[in-house]
Amino acid sequence: TWEPGQDCWIPRARVTSRRIQSMGFIQNDNQKGIWMSTRGGGLSVSTKNFDFESISSFNFENIDIKTGGYGILDAAFVNDKDIWIICGGGIVYNSTDKGKNWTKVDGIDKLSGNLYKIK
């Protein structure tokens, strides 16, 4: 990780051997945690208590979502419970219970284009 004013990046040990697809801050706030997606549809979130200055790896917990092997391109954590993700192929999923259950959003995969970012 790197923050403005630091001289160099701090390397982190990865919690998975799968290739990282995308990363971001939960609710765009670094104090609320980090989310990470991996190739093949894995999604993990960090605990809120982490130290950016430490070289130790962050503690992540996996969120169980069945994407059919499609990689998760972006995630949006609207609040503590509402999560939206977009996958390859224009597939969109939504959870309203902090990732315990997921619903595929119908009709969006009919768009003649790919979705890469959630705003």
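If R0 equals 30 Å, the separation of the Cβ atoms of Glu3 and Lys66 corresponds to a calculated FRET efficiency of about 0.25. Taking the Cα centre of the chain as reference, the dipole from Cβ charges on Lys and Arg (+1) and Asp and Glu (-1) amounts to some 420 debye.
Shown for the chain: the carbon plus sulfur share of the solvent-accessible area, taken with all protein chains present and a 1.4 angstrom probe, equals 49%. Contact order for the chain, expressed relative to its length and based on alpha carbon pairs under 8 Å spaced 6+ residues apart, stands at 18 percent.
Do the alpha carbons of any pairs in Lys66/Lys100; Lys32/Lys66; Lys81/Lys110 sit beyond 23 Å of each other, and which pairs? Going by Cα-Cα distance, Lys32/Lys66; Lys81/Lys110 fall outside the 23 Å limit. The residues of the chain present an accessible area of 65 Å² per residue when probed at 1.4 Å with all protein chains retained.
Of the listed values (1) 14.6; (2) 15.1; (3) 18.1, identify the label whose number matches Kirkwood radius over Cα pairs in Å calculated from this model. Structure-derived value, by its label: (2).
The values are calculated or read from the model by the stated rules, or taken from the named source; none is laboratory data. Predicted model only: the values in this text are computed from it and were never measured. Every residue, glycine among them, receives a Cβ derived from its backbone with ideal geometry; neighbour counts consider all protein chains shown. Protein only, heavy atoms only, side chains kept; ligands, DNA and RNA dropped before computing areas. Shrake-Rupley method; radii C 1.70, N 1.55, O 1.52, S 1.80 Å.
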